[in-house]
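Visitor: My questions will all concern the structure given below.
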Amino acid sequence: MRGLALFLMALLLLGCTGTAHVTTPLVAHKSQKITGNYAVHIQSGGWQLKTNPVDASCSLWRFNTPVDESYVKAMQTVLTETLQSVDFRPDIQDTHTLKRNGYDAQISLVQGPAASQFGISPNSFGAGTDSDVELTLHIAILYPDGQRQQQSVTGRASKDGFKVICSSIADIIADAAREAVRDVVSQAVDSIDNQLEIRRRQVATRG
């Protein structure tokens, strides 16, 4: 009997872990490409999230929410479509290697804090489910002459819906995570565009 009880408890615990499968979003960008040759380093591995409940409903449930793959694919796609020439590199360049390899700048994208949670709230139809995801990204641009620019952006998204069983909450979490990826990538591209434009103006002013 004791063995059977332990087996049933193990099944219960296994049933309390789900996975929110995050698909890659399409990210809108400007049609005109940014001129120049850029080395890009995309740090990943830090956004393998766990989505936890914020209230007692479905309190035994936790959802694995792997955001990294969706984020990297979306970022690589939009930067390829936005920059005139881009070289995705696993290493970080210094000013000497930037000059030697003919890069106009290196763009480094480093993952910052991230959070994902879900909640259940009673309504006239039974219970509503909502999920909130937040992703912070640090952007650094290094030029061959040693000038640096830095900025951080935070992508946020919330999704809600009606789910009858706890396991189906994964769909809402996945939708929120996908939209948070879209938001952080979109903000990052806008930030890169703005910082490169500031650099172009500075260079033009110097003659």
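The values are calculated or read from the model by the stated rules, or taken from the named source; none is laboratory data. Note that the coordinates shown come from a computational prediction; the quantities given were computed from them, not determined experimentally. Reconstructed Cβ throughout: ideal geometry from the backbone, glycine too, with neighbour counts over all protein chains shown.
Visitor: Starting from residues that are more than 28 Å from VAL185 (Cβ to Cβ) and assigned to a loop (DSSP other than H, G, I, E, B), keep the ones in the range 102-128 and report whichever is modelled with the highest pLDDT.
Guide: Going through the qualifying residues, I end up with PHE125.
Visitor: Could you figure out which of (1) touching a Gly at 6+ places or on another chain (Cβ under 7 Å); (2) over 17 Å from PHE118 (Cα atoms); (3) without any contact (Cβ under 8 Å) to a residue 40 or more places away in the chain isn't true of ALA204?
Guide: (1)
Visitor: Do any residues in the range 85-97 that are closer than 18 Å to GLY146 by Cα have Cβ atoms under 6 Å from those of residues that are part of a strand (DSSP E or B), where the two are at least six apart or on different chains, and which pairs are they?
Guide: Final answer for the pair search is ILE92/HIS41; GLN93/ALA39; GLN93/GLN106.
Visitor: Taking the range 65-101 only, how many residues are assigned to a helix (DSSP H, G or I) and within 30 Å of ASP175 (Cβ to Cβ)?
Guide: 15
Visitor: For the range 161-191: of the residues being under 22 Å from SER44 (Cα atoms) and of a type in the set (Lys, Arg), which is surrounded by the fewest Cβ atoms within 10 Å (Cβ to Cβ)?
Guide: ARG182
Visitor: Do any residues in the range 63-77 that are over 19 Å from SER131 (Cβ atoms) have Cβ atoms under 9 Å from those of residues that are surrounded by fewer than 20 Cβ atoms within 10 Å (Cβ to Cβ) and among the charged types (D, E, K, R), where the two are at least six apart or on different chains, and which pairs are they?
Guide: Correct list of pairs: empty, since none qualify.
Visitor: Taking into account only those residues within the range 34-66 that are under 30 Å from ARG100 (Cβ atoms) and of a type in the set (Val, Ile, Thr), which is surrounded by the fewest Cβ atoms within 10 Å (Cβ to Cβ)?
Guide: THR35
Here is a yes/no grid of residues against (1) part of a helix (DSSP H, G or I); (2) in contact with a Pro (Cβ under 9 Å, 6 or more places away or on another chain); (3) crowded, with 22+ Cβ neighbours inside 10 Å; (4) of a type outside the set (Phe, Trp, Tyr):
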| residue | (1), (2), (3), (4) |
| --- | --- |
| SER131 | no, no, yes, yes |
| LEU137 | no, no, yes, yes |
| ASP145 | no, no, no, yes |
| THR154 | no, yes, no, yes |
| LYS159 | no, no, no, yes |
| ASP193 | yes, no, no, yes |
